[in-house]
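In what follows, a single structure is set out as structure tokens and then discussed.
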Amino acid sequence: MAFLATMATLPWTMHERANAKPVKPTWQQLVVTVDDERAVELARQWDAPFAVEYAADADITVSAVSHADLVAGEATRSMDGDRIGGCMLTVENPSDVVMLHELGHCFGLHHDNGHSDSLMYWMQGGDSGAAGVTEHDRAELRDLYAR
Ligand SMILES: [Zn+2]
Ligand SMILES: [Zn+2]
């Protein structure tokens, strides 16, 4: 039982710890741009409180690395106080779920480990409990932007 309890507290990954802050920064603009057509298409599932559009010189940059047989992603936000100013999304052979999960980070969400059916529930080296953005995830994003 003690082992299981410990495992349950472990899913924070390095990039999340680095970004953990008491404030919860958000995008404070009406349009957030992404330099990847697939990510723009997938982002619609989030029903975000801002428009997501394609731009070559974008707020969210997607770069793919393909040196390993991994399906992985990492999102690094740049913040200015309570404002998100940019996000670097690095992916490796990303599935739609990985792209959607990392977009969730770029939009301002952290891991949601209280809800195992959330797309933002994430075990290190494991899988999300969801196959896509759920109603719960959309509600968490709405709450974040409703402050
Ligand atoms: Zn994550
Ligand atoms: Zn939740």
_Residues of segment 92-117 that turn out to be more than 12 Å from ligand 1 (Cβ to nearest atom) and touching a Gly at 6+ places or on another chain (Cβ under 6 Å), as a count_ = 3
_Among the candidates Asp36, Asp59, Asp47, residue that is modelled with pLDDT of 95 or more, of a type in the set (Asp, Glu) and within 22 Å of His136 (Cβ to Cβ)_ = Asp47
*Close pairs (8 angstrom Cβ cut-off, 6 or more residues apart or separate chains): on the phi > 0 side of the Ramachandran plot in segment 89-113, charged (D, E, K, R) anywhere*: Asn93/Asp69; Gly108/Lys24; Gly108/Arg77
*Just one of the numbered conditions (1) among the polar types (S, T, N, Q); (2) within 10 Å of ligand 2 (Cβ to nearest atom); (3) out of contact with any Asp or Glu (no Cβ under 8 Å at 6 or more places or on another chain) is not true of Ser118; which one?*
(3)
*For segment 34-51, name all the residues that are more than 15 Å from the chain's Cα centre (by Cα) and in a strand (DSSP E or B).*
Ala51
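The values are calculated or read from the model by the stated rules, or taken from the named source; none is laboratory data. All figures in this text were calculated on a predicted structure; none of them were measured in a lab. Neighbour counts are summed over all protein chains in view; Cβ atoms, including those assigned to glycine, are modelled from backbone coordinates with ideal geometry.
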